[in-house]
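See structure below.
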Amino acid sequence: TPRYLIGFTGHRSGFDESAVRAALETALGELQARAVQAGGEAALYASIAEGTDTLCVEAARDLDLAVHLLLPLPPDEFAKDFSS
């Protein structure tokens, strides 16, 4: 099965969460539909930093896309970078 890889990186702050979430849902849905039309499946590759990275991962999961997380640090060190 052909796999169509979607890469994402975003910002931590200074954005309209509802507008970004809606745009991500639309874009990921369109990319997923294109992959399926081509006989394949789409998968997201992203970090999970607070902000738009997290919104993108949530939107992808809502669409049942496979999600692959890329961490710039070991998991224990990366977790220290979150405020929540």
Using Cα pairs closer than 8 Å and at least 6 residues apart in sequence, work out the relative contact order for the chain, in percent. 35 percent
Leaving out ligands and nucleic acids, and using a 1.4 Å probe, what accessible area per residue does the chain come to in Å²? 65 Å²
Would you kindly state the longest site-free stretch of the chain, with sites defined as trypsin sites (Lys or Arg not before Pro) in a DSSP loop (not H, G, I, E, B) surrounded by at most 16 other Cβ atoms within 10 Å? 13-79
Sulfur and carbon atoms: percent of accessible area, the chain [1.4 Å]: 53 percent
Per-residue ³J(HN,Hα) for the range 52-60, Karplus 6.51 cos²θ - 1.76 cosθ + 1.60, θ = phi - 60°, Hz, x for Gly and Pro: 5, 4, 5, 4, 5, 4, 4, 5, 5
With every atom except the alpha carbons ignored, what do you get for Rg and Dmax of the chain, in angstroms? 13.5, 41
Enumerate the calculated ³J(HN,Hα) couplings along the range 37-46 in order (Karplus 6.51 cos²θ - 1.76 cosθ + 1.60, θ = phi - 60°), each rounded to whole Hz, writing x wherever the residue is Gly or Pro. 4, 8, x, x, 9, 9, 9, 9, 10, 7
Report the gain in length on full extension from PHE78 to GLU30: 0.36 nm times residue separation, minus Cα-Cα distance, nm rounded to one decimal. 14.2 nm
Kindly write out, for the range 2-14 in residue order, the coupling ³J(HN,Hα) from the Karplus curve 6.51 cos²θ - 1.76 cosθ + 1.60 (θ = phi - 60°), rounded to whole Hz, with x marking Gly and Pro. x, 10, 10, 8, 10, x, 9, 9, x, 10, 8, 8, x
Given backbone amide H placed at 1.01 Å from N, residues whose amide H is under 5 Å from that of ALA42, ignoring those fewer than 5 places away on the same chain, are TYR4
Quick one: order LEU69, LEU63, LEU44 from most to least accessible surface, probe 1.4 Å. LEU69, LEU63, LEU44
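The values are calculated or read from the model by the stated rules, or taken from the named source; none is laboratory data. In this text, all values refer to a predicted model and were calculated from it rather than measured experimentally. Methodologically, a virtual Cβ is constructed for each residue, glycine included, from the backbone with ideal geometry; neighbour enumeration extends over all protein chains shown. When the accessible area is computed, the model is the full protein with side chains, heavy atoms only, and any ligands, DNA or RNA have been set aside. Shrake-Rupley method; radii C 1.70, N 1.55, O 1.52, S 1.80 Å.
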